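Novice: Here it is, the structure in full.
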Amino acid sequence: MAQLWGGRFTGQEDELVKKINDSIGFDKRLWREDIEGSIAHASMLGKQGVLSEESAANIVRGLNGIRQDIEDGSLIITDDYEDIHSFMEAVLTERIGDDGKKLHTGRSRNDQVALDMRLFTRRAADDTVRELLSLLDTILSIMEENIDTYMPGFTHLQKAQPVTLAHHMGAYFEMFRRDTERLLDCRRRLNLCPLGAGALAGTTYPLDREYTAMELGFDGPTRNSMDSVSDRDYAIEFLSALSLIMMHLSRLSEEIIIWNSNEYRFVEIDDAFATGSSIMPQKKNPDVAELIRGKTGRVYGDLHTLMVVMKGIPLAYDKDMQEDKEPVFDAFDTAMISIRLMGGMLRTMTFRKDVMERSAMNGFTNATDAADYLVNKGVPFRDAHGIIGRLVLYCIDKKCSIDDLTLDELRTFSESFDEDVFDAVSLKTCVEKRLTDGAPGEGALKKHIEQSRTWLSSLR
Ligand code: ARG
C-alpha cells in the first residue's frame, strides 16, 4: 500500500526497512483511540472554518462508519499499511472520497500518536483501577471474616509474634491501596491533550486546542508543542505503577506458595487455580502464583525497555518512540490477568485456621509478651529479655512451649512470675493486647477495616 509520505520518494522501500518501520502489527490496537481523536479533530476543523461544515460532517460520518464496521467484524485491519493512522486515512478516503484527504489538515502523526497513546494509557489506568478495587474488596472480605484467625507473624521467615490473618491481609490491602492511588495520580497528570502540537511546532491553522481537549475528556491542552509530541513520561509512570502492582502480587504469590506447601499447609489452593504434574500423580502445584511471580520480571522488563528507549532522544519526536507501544500493551495485559487471577485464587482458597493457630502457638511467638510481663512486674527490659531467652532455651531442650511450664518451673527463672502469667502469654491475649493504631488487636483492626471500607466505597 502507498505510504502517507510517498511524494518525495522515487525509489522503493527495502523489504527489511518495511519490516522494522511498520507498526500496524501492534498499533492496530489503537484503532478506537485513533478514531476518537480524528473525530474530535475533524469537528474542531469544521467549527473553526478550516474545513467546511459539510466536509467535517462527512469525515465524522465516515469515521463512525469505520468504527461500526470494525466493531461488528465486517472491516478487518490488515497489516498492509504502515501504521494504524495510515490505515484509517486510506479506508476513510476510499469510503468518502476527497474529504478523507482533508482529515490530516493541521495535524501530524506525531501529535496524533501522542494523543492515541495518552487515550490508551488513560483507559488502561482506569481498567487497572477497576480491577484493583475488586481485588481490594476481596482482601477486605477476607479480613472481615478473619479478625480472630490467629497465625504467626514472621520476620526473616522465622516466627516472630502472633498476628491474625486479617492483620496479615491488611498489609496487602495497604499495598494495593497505594497502587490504586498511584494510578489515579498518574491519570491526573497525563490528562492533558497533545493534539494541535503538530509535528513539533504547532500549526498556522487557527486550531481550537481547548475544544478538542474538552471533547476528548482532557483537563486542557498540553503546554509546549515540542514536549507534547516527545513526552512519554505518563507511559513510564504507568509502567512503574504496574511494576509495583506486580511486585506486590509477587510477594503475595510467594506467601501463598509457602503457605500452600506440605510443610506449612496454612492454605489449600482451589483446584480451579492449581495444576498437576505429568509424571507425579500426587502433585497439585501453585502454578498460578508462580506465574504471577514470574511475570513480574516481564513487567519490570517492559518498564526498563521504555526507560532505556527514552533516555537518549533529542527533541522532539524520533522514531525510537514507536517502541513505546509493545511494552505498554504487554505490561497492561500482564498486570490485568495477574490481578484478576489473584482475586480468583484468594476468593476460592481455603484458609486452614486450625493449622495457622497451632503454628502460632508454638515457635515462641509469645516470648516478647513474656518479657513484657516481667517488665510490668518491675524487671528492667534488658534483664527480662535475658531471662526469657534462657527460658526459651530450656523449653527447646524440653520440646515444649512457655505456657506448658508450671509456675514452679517458671519461678526458677524469675521470682517475678505469678499465676497471671499464663493468661498474659496466651495467644489470645498476645494479639488482643496489641491495640496501637495499625496493630492486630481486634479494636485496632476493626478500625482499619472500617476506614478501608469507607475509602473503598468512595471509589466504587
Ligand atoms: N507509527 C508511528 C509511531 O508509533 C507514528 C508516528 C510517525 N511519525 C513520524 N514522524 N514518522 O510513533
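The values are calculated or read from the model by the stated rules, or taken from the named source; none is laboratory data. Computed from a predicted model, the values in this text were never measured in an experiment. Cβ: placed from backbone, ideal geometry, glycine included. Neighbour counts: every protein chain shown. All accessible areas refer to the heavy atoms of the entire protein, side chains included, with ligands and DNA or RNA removed. Shrake-Rupley method; radii C 1.70, N 1.55, O 1.52, S 1.80 Å.
Novice: On the given criteria, is T149 open to solvent by less than 10 Å² (accessible area, probe 1.4 Å) and either within 21 Å of the chain's Cα centre (by Cα) or hydroxyl-bearing (S, T, Y) (or both)?
Specialist: yes
Novice: Being surrounded by 13 or more Cβ atoms within 10 Å (Cβ to Cβ), among the acidic types (D, E) and in contact (Cβ under 8 Å) with a residue 60 or more places away in the chain, is that true of even one residue in segment 441-453?
Specialist: yes
Novice: Follow-up. With the requirement that a residue be open to solvent by 20 Å² or more (accessible area, probe 1.4 Å) and either among the small types (G, A, S) or within 18 Å of D271 (Cβ to Cβ) (or both), what does segment 341-356 give you?
Specialist: Scanning segment 341-356 gives L341, R347, T348, T350, F351, R352.
Novice: Also, I was wondering about something else. What number goes with the only condition from (1) β-branched (V, I, T); (2) assigned to a helix (DSSP H, G or I); (3) more than 16 Å from the ligand (Cβ to nearest atom) that V113 does not pass?
Specialist: The number of the failed condition is (3).
Novice: Kindly establish whether S253 is within 16 Å of the ligand (Cβ to nearest atom) and open to solvent by less than 10 Å² (accessible area, probe 1.4 Å).
Specialist: Answer is no for this residue.
Novice: Can you tell me which of I96, I142 is more than 16 Å from the ligand (Cβ to nearest atom), open to solvent by less than 30 Å² (accessible area, probe 1.4 Å) and at pLDDT 95 or above?
Specialist: Just one listed residue meets the conditions, I142.
Novice: Can you tell me which condition K377 does not meet? The list is (1) open to solvent by less than 40 Å² (accessible area, probe 1.4 Å); (2) within 30 Å of S416 (Cβ to Cβ); (3) modelled with pLDDT of 95 or more, and all the others hold.
Specialist: (1)
Novice: Here are some conditions: (1) part of a helix (DSSP H, G or I); (2) open to solvent by less than 70 Å² (accessible area, probe 1.4 Å). E326 meets all but one. Which one does it not meet?
Specialist: Checking E326 against (1) part of a helix (DSSP H, G or I); (2) open to solvent by less than 70 Å² (accessible area, probe 1.4 Å), the one that fails is (2).
Table: residues versus (1) open to solvent by 10 Å² or more (accessible area, probe 1.4 Å); (2) under 14 Å from G196 (Cα atoms); (3) more than 12 Å from the ligand (Cβ to nearest atom).
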| position | (1), (2), (3) |
| --- | --- |
| F87 | no, no, no |
| L92 | no, no, yes |
| T105 | yes, yes, yes |
| R123 | yes, no, yes |
| D126 | yes, no, yes |
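Novice: When only residues in segment 284-328 that are more than 12 Å from the ligand (Cβ to nearest atom) and within 13 Å of the chain's Cα centre (by Cα) count, which is nearest to A197 (Cα to Cα)?
Specialist: L303
Novice: Any idea which residue in segment 69-85 is least open to solvent (accessible area, probe 1.4 Å), counting only those that are over 27 Å from D208 (Cβ atoms) and either in contact with a strand residue (DSSP E or B) (Cβ under 8 Å, 6 or more places away or on another chain) or assigned to a helix (DSSP H, G or I) (or both)?
Specialist: I70
Novice: (1) open to solvent by less than 80 Å² (accessible area, probe 1.4 Å); (2) within 27 Å of F120 (Cα to Cα): which one isn't true of I20, the others all being true?
Specialist: (1) is the only condition that I20 fails.
Novice: Picking from M356, M361, M342, which residue would you name as being of a type outside the set (F, W, Y) and at pLDDT below 95?
Specialist: M361
Condition check ((1) modelled with pLDDT of 95 or more; (2) away from the ligand (no atom under 16 Å from the Cβ); (3) of a type in the set (A, V, I, L, M)) across all residues:
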site	(1), (2), (3)
I39	yes, yes, yes
E53	yes, yes, no
A57	yes, yes, yes
Q68	yes, yes, no
D83	yes, no, no
